[in-house]
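We did not get these values from a lab; they are worked out from the coordinates using the rules stated. These numbers were taken from a predicted model, which means no experiment stands behind them. Counting neighbours? That spans all protein chains shown, and the Cβs are built from the backbone with ideal geometry, glycine included.
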Amino acid sequence: MSAVSPPSVRDRWLALALLLALLGLGLALLWAMFGTPLREIDARIDRLQARDARLRGLLLQRPQVERRLAELDAHGGGAEFLPEPSAELATAALVQQLETVVAQASPGGRGCALVNRTPLDDATPGGRYRKVVVQVRLRCGNAETLAVLHALESSRPYLFVDALNITAQRYFAVPGSAQPQEGGLDVSFNLYGYLRPQTGGAGDL
């Protein structure tokens, strides 16, 4: 029988390289199987920790918020609500304020006309905060329209503009003017505010 020759140095290095390659492939497979999910879990934990920190911060602010709400309720909501005691009086005041804003945006009525202002019933009655709504239609120039909307939405007590619809028109007639104005906008929207909440009434139940 012939003797088996021992492996050469070259064969040993090849075997070692093959073993290292197999180990590297195994580690790569393990990382693909477990590394990516672990990173996703870590990212999710970070998000949950950040959310928990925000919630804890909000909970710490709760006493201050409750005190502020109690102060507003004690003063009937302050200047944020319409001061009139009834919806009828508040509607009349709202229309008067609208007319004043339009007149200030267009002195002499040359660039803006108040075509229609119709009181609307609150679509959600029975709540603690009662809404007073006026349906408005204007025919104004571009600058006057922006001035009116800005003045209404930045006023105190708070007023809100809803269901805004703007249509461009080539000419528009202004009451009291013999000649129609060139260019302009036909603007319609609902203008509303809220009456002061009635404390101790049925709306608090």
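Data table
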| quantity | calculated |
| --- | --- |
| Least to most buried among E84, E144 (fewest other Cβ within 10 Å first) | E84, E144 |
| Estimated distance in nm for a label pair at Q169 and Q49, the labels positioned 7 Å out from Cα along Cα-to-Cβ | 6.3 nm |
| Gained length - A17 relative to L29, 0.36 nm times residue gap less alpha-carbon distance | 2.5 nm |
| Additional length obtainable on full extension of the chain from V161 to D121, 0.36 nm per residue less Cα span | 12.8 nm |
| For S106, distant residues with modelled amide H under 5 Å away | none |
